[in-house]
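This report concerns only the one structure given below.
Every number here is computed from the coordinates shown, using simple stated rules; none is lab data. What you see is a predicted model; the values in this text were computed from it and never measured. No Cβ is skipped: glycine too gets one built from the backbone with ideal geometry, and neighbour counts run over all protein chains shown.
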Amino acid sequence: MKINLGFPRFKLDAARVLRESHWLLRFNLVFLPLLVLSFLAAAIVIRQQLRTIARHQALSSARLLQQTAQATSQYSDDQIAPLLDREQARVDRVRHVLDERLPAAIEKAIDRLPVTRQALQGVQQQILSDLGQDTRDLPEPEFFPQTISFYAATEVLHYFRRKHPDYAYKEATLAPTNPRDQAADWEADLVKAFTRAPSCSELSGRRETPAGTIFYDCVPIRISSEQCLACHSTPDRAPPQLIKAYGATRGFGWRLNDTVGAQIVSVPTSSFERAIDAPLGRILGGLAIIFGFLFLFLNFALCLLGPALRAKPDNAPTALRGPAEREARDG
């Protein structure tokens, strides 16, 4: 049985194809494993490349978070802290006026009045008593942690984590004022690594945890301004309000140019591995379609051209024989 494929010189002999299918089977026994191995090798390479790209994106995001935290810290130091200091100075001036200058002014006014001093003593006492009550109602000087750059940056990133819970941020410190900034053992190792290498400006890597593998990136926290030492050098130099809030045993002993901590951004590796699942599936699906089409096309082509390629020289067309062969045959 012959099947006309629509081409004048190509007809499919089904019986002959069946007789010679063993040749095609031998070809597929070699070609199909090779095709599968090629697909698996391509899948491994593509997956590795996608993981590398995802890791670079995670690293870029971590660096962006660190820069955001540093900008927040600088904003707190440059604008928020001076603003609160001015407001506190105003309250202190009002308190000074009410406690010292106003009683003296009343005393002078009484001396100038053309009445007896005894007649105004009761009025003076009543005024001072009322003012004293008012001054007691004024707020006492307070310590506002929002003015501290570490606190402000941590709080801002805390709000960020509400929408991006995979990312974690911590300003890990060896001797922090706030106990929540106390460095864990592995974080302390990073801080010590920065201490041993003052020229080092960034560290990144992986760490195994009970919850899985995490990727981290960190930069050092170094004391580069005398302003920090006003609160962290010795307890006697620190504001009384800070001592009242956190005690006199934490967050002291810092020196200029010391490495006291590290800004650490961490993210589980599962988060950026999940990010590559969808594109990896699409790429491998397209690759499987291409390889499948290649397999079918080659098998179909061999079915058509295989018998002609395997034909004996005696059966070859006259146009393909040499002159000597044609003369011998004609003779």
How do Trp254, Trp23 line up, fewest other C-beta atoms within 10 Å first?
Trp23, Trp254
For Phe27 and Asp78 in the same chain, what is the full-extension length gain: residue separation times 0.36 nm, less their Cα-Cα distance, in nm?
10.8 nm
If each residue's Cβ is checked for other Cβ atoms within 10 Å, how do Phe293, Phe252 rank with the fewest at the top?
Phe293, Phe252
With no solvent and one equal point scatterer placed on each C-alpha of segment 187-277, evaluate the Debye formula and give log10 I(q)/I(0) for q = 0.13 Å⁻¹, two decimals.
-0.60
With labels modelled as points extended 7 Å from the Cα through the Cβ direction, what inter-label distance (nm, one decimal) is found for Ala197 paired with Gln182?
2.9
Between Asp236 and Arg162, what is the FRET efficiency for a Förster distance of 56 Å, r being their Cβ-Cβ separation, to the nearest 0.05?
0.90
Exposure proxy check: Arg161, Arg26 ranked by fewest other beta carbons within 10 Å?
Arg26, Arg161
Could you tally the net charge around Leu174, taking each other residue with its Cβ under 12 Å from the Cβ of Leu174, Lys/Arg +1 and Asp/Glu -1?
-4
In a shell of Cβ-Cβ distance under 10 Å around Arg55, excluding Arg55 itself, what net charge do Lys and Arg (+1) and Asp and Glu (-1) give?
+1
Just add up the charged neighbours of Leu280: K/R +1, D/E -1, any other residue whose Cβ is under 15 Å from the Cβ of Leu280.
+3
